[in-house]
Structures are given as C-alpha cells and as structure tokens.
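Working notes, beginning with the structure itself.
The values are calculated or read from the model by the stated rules, or taken from the named source; none is laboratory data. Keep in mind that what you see is a predicted model, and the values were worked out from it rather than measured. Positions of Cβ are generated from backbone atoms using ideal geometry, with glycine treated the same way; all protein chains shown enter the neighbour counts. These area figures cover heavy atoms from the full protein model, side chains too; ligands, DNA and RNA do not enter into them. Shrake-Rupley method; radii C 1.70, N 1.55, O 1.52, S 1.80 Å.
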Amino acid sequence: MSLKLLKNEQHLDLNSLKELPDSYAWSSVDDASPTSCGSEPVPVINLEDPDAMMHVGHACKTWGVFQVMNHGVPMMVLDDMEASGRKLFSLPVHQKLQAARSADGVSGYGVARISSFFPKLMWSEGFTIIGTPFEHAQKLWPHGYKHFCEVVEEYKKEMNKLVNKLMWLILGSLGITKGDIKWATPTGELKEACPVLQLNSYPACPDPDRAMGLAAHTDSTLLTILHQNNTSGLQVQWEGTGWVTVPPIRGALVVNVGDLLHILSNGTYTSVLHRAIVNRTQHRLSVAYLYGPPSNVRISPLSKLTDSFHPPLYQPVTWSEYLGTKAKHFNKALSIVRLCARMNGFVDVNDHNSVLVG
Ligand SMILES: C=C1C[C@]23C[C@H]1CC[C@H]2[C@@]12CCC[C@@](C)(C(=O)O1)[C@H]2[C@@H]3C(=O)O
Ligand SMILES: O=C(O)CCC(=O)C(=O)O
Ligand SMILES: [Fe+2]
C-alpha cells in the first residue's frame, strides 16, 4: 500500500500543480538566487582560438566546467534535439509511463536516479537513452517514433565528434599524447564508448525557492556535454563556497569534468559539483551527453602523470564498476575508489606488509 502511494507520488504531473506538495519542499535550498557570489563567470572558450588547449586546461583545473563556442555542432542539430525533447515531455503522464524506466534498468522515463539518496522529490523528469531509443520511442509514438530516433542518432554523431575534439584538447593540456591512451585507434580516434543521453525537463514551479530541479552531484563520466535551452538553472559550485549560474548562451555548449577524468588526471582536473534549480514561469530543458570509456577499459591515473612524488591516488575502475559504486554510495563514490595513504606507500618503510601500488 505505502509502496504504491510512493510510486504514484513519484509520477505526479508537475505541470498541473498549483502549489508545491510537501514531498517536493526542500527545507534548505541554499542561495537559490542566480547570482555569481562575487566569483568570475564560468569560462567561455572559443574552440577555434589557437590557444584553446591552454584555456581548456586552465578551466578544467580551476572550475571543472566551461562553455564552448565554435564547436562545430550545427545549430539545427541542437534545435532539433531540443524540440524532440520538448515534444516527449509534453506527452500526457500516462503515455510517458509507457516508456518508464524499469526497476533495475537505466534507460527510459523517470525521476533522477539519485532521487533515492534524498528525502524530498526533485522538480524534474528525465528520459535516459542508452544505445538506440527505438524500443521506448515506439511505446511513446507507435506510429511516429522514426523522427525521434533519427534526431537522437544525429545528435549522438555530432556529440561524438565534439567529445573527441575536447578529449584531445584536455589530454593535450595534460601533456598526454595519442599513444598514451589505450582506447584510441592509431589515427587518434577514441573508440566509441556506449554514450548515454539524458534529457531533463524542469517544468515551471509554483514555489521555486523551496524546490530543487536536480540535486547537487558530480557526473560519473569522463566528460559531459550539456545543451540547455534559453532558461537558466544550471549552477556549479565555486571553491566549495557558493553556487554560480552557468548562463545559457545560444549555440554554446557546457562541458563538465566527470569523476572518471578526475581519476584519469590523478585529481589534477576536478569533477565539478553541479545542480539545477527551477523557476516560476519558464519550462527548462537540458540534454546531457554523458561520455565514458569503452566498457572493457579500466580507468586509472595516467602513468605519465604519476611518479614517486605524485603516486596514483585512485584504483583502476571500469565505467560500469564506477556506476555501480555511485549507485550504491552516491557522492562518496570518488573517495571510495581513492587509494588510502597506506596503499600508496606513504607508510613506514619498515612496514614490509604494506602494499605498494606503482
Ligand atoms: C551513465 C549514467 C550516469 C548517470 C547514471 C547513468 C544514467 C543516467 C546518468 C544521470 C543523469 C542525471 C544526473 C545523474 C547523477 C543521474 O541521476 O542520472 C547521472 C548519473 C551519473 O552521472 O552518475
Ligand atoms: O539540467 C541541467 O542543467 C543539469 C543536468 C545534469 O546535471 C545531468 O543531466 O547530469
Ligand atoms: Fe550532471
């Protein structure tokens, strides 16, 4: 009985609510005002700038997030994806539930996966696509799924090109070359990981100061590329002190460092804590392309970045192992895969039982 209630409650039609139900009222949405708390704005980088690599490296080190312009993804591809996402979320709830994520599944329609770690519900809906969206799209539009599938494929193709460009800029900024990356082909193409596309919808909210669109988290990726519509809501944490809004810029894309890049760079580039807040009048939509390594690749600190003074700080993990740790431990996942000092040889050299990892 109580389980059933909870399930129904998780699928309220947010668009129809005139008041914030208690189950959505967060007691402490700190600093929900979209100010930049006196910090610099999040960097905007022109990828055609000859110094792009340096700017990207600096942004990854200081912020863990930046926006890119002149990235090569046609505006039409972004617009089409946004329109398709909008169409999906404007379907009636009972229809969206036809494509609901199964209890043990990852793809499909539902609340944010991290919801289970919070006592209150988030003011958002999501649709996760892994591989082809065909099966779910067919349930949503029995006769009209083809267009949606085409738009998604085109979007993924363009994002894959961009993620290659960005990864080599980022790796280059760390002094890493093509031969250092196990999952790159000799021509320098990063072998296709199975990318995840996450569509997020944040309906206008009657009480935005007490609601949370998507609670603070880091992404379990190497990189995430985010397209947001013309409504702000994305905020990143700055130096652990305040929230800075990443303003939507038409045509620009937000890039953020995920936990696996944090591990790969041995902590040089930090995965950024971010969240989405909501507003009273506008429907916000975002599309995240979550990029991780191929499933057989174990990510560990690159050997070029480590030596006896800079020992590797993290254990090797595959993407799916890391997702499993994240699903269980949420924001403690990164510290769980962090090697303890003892394992790094920061121990009494006379302790012959210590495990040295090199
Ligand atoms: C490949 C991924 C990465 C996931 C889990 C799985 C599919 C959906 C992704 C997101 C998308 C929304 C935020 C997040 C925190 C969530 O709840 O679901 C992400 C999470 C992660 O980055 O850990
Ligand atoms: O909607 C946003 O701006 C943030 C989305 C996000 O963080 C995610 O999908 O991982
Ligand atoms: Fe995220």
Some residue of segment 97-118 being out of contact with any helix residue (DSSP H, G or I) (no Cβ under 6 Å at 6 or more places or on another chain) and surrounded by 21 or more Cβ atoms within 10 Å (Cβ to Cβ): yes
statement: Okay, helices (runs of 4 or more DSSP H) sitting entirely in segment 66-172 with 3 or more residues that are farther than 17 Å from Ser286 by Cβ, I get 93-96, 134-140
query: How many residues are open to solvent by 20 Å² or more (accessible area, probe 1.4 Å), without any contact (Cβ under 8 Å) to a residue 60 or more places away in the chain and within 16 Å of ligand 1 (Cβ to nearest atom) when one looks only at segment 311-323?
result: 2
statement: Quick count over segment 173-183, residues being assigned to a helix (DSSP H, G or I) and either touching a Gly at 6+ places or on another chain (Cβ under 6 Å) or modelled with pLDDT of 95 or more (or both), is 2
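Report whether or not Ser220 is within 12 Å of ligand 2 (Cβ to nearest atom), open to solvent by less than 10 Å² (accessible area, probe 1.4 Å) and either outside any loop (DSSP other than H, G, I, E, B) or touching a residue at least 40 places away in the same chain (Cβ under 8 Å) (or both).
So Ser220 does not fit the description; no.
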query: So, in segment 244-262, of the ones that are over 25 Å from Pro293 (Cβ atoms) and surrounded by 24 or more Cβ atoms within 10 Å (Cβ to Cβ), which residue ends up farthest from ligand 1 (Cβ to nearest atom)?
result: Val244
- request: Could you look through segment 189-207, keep only residues that are modelled with pLDDT of 95 or more, of a type outside the set (Val, Ile, Thr) and not in a loop (DSSP other than H, G, I, E, B), and pick out the one that is nearest to Val152 (Cα to Cα)?
  value: Leu197
- request: Quick one: in segment 195-245, of everything that is more than 15 Å from ligand 3 (Cβ to nearest atom) and within 15 Å of Gly85 (Cβ to Cβ), which residue is nearest to the chain's Cα centre (by Cα)?
  value: Asn229
task: Check whether at least one residue in segment 225-236 is on the phi < 0 side of the Ramachandran plot, more than 15 Å from ligand 2 (Cβ to nearest atom) and modelled with pLDDT of 95 or more, and report yes or no.
output: no
- request: Name the residue, out of Ser265, Ser286, that is hydroxyl-bearing (Ser, Thr, Tyr) and either open to solvent by 20 Å² or more (accessible area, probe 1.4 Å) or closer than 24 Å to Trp168 by Cβ (or both).
  value: Ser265
Test result for Leu190, surrounded by 18 or more Cβ atoms within 10 Å (Cβ to Cβ), more than 15 Å from ligand 2 (Cβ to nearest atom) and under 20 Å from Leu169 (Cα atoms): yes
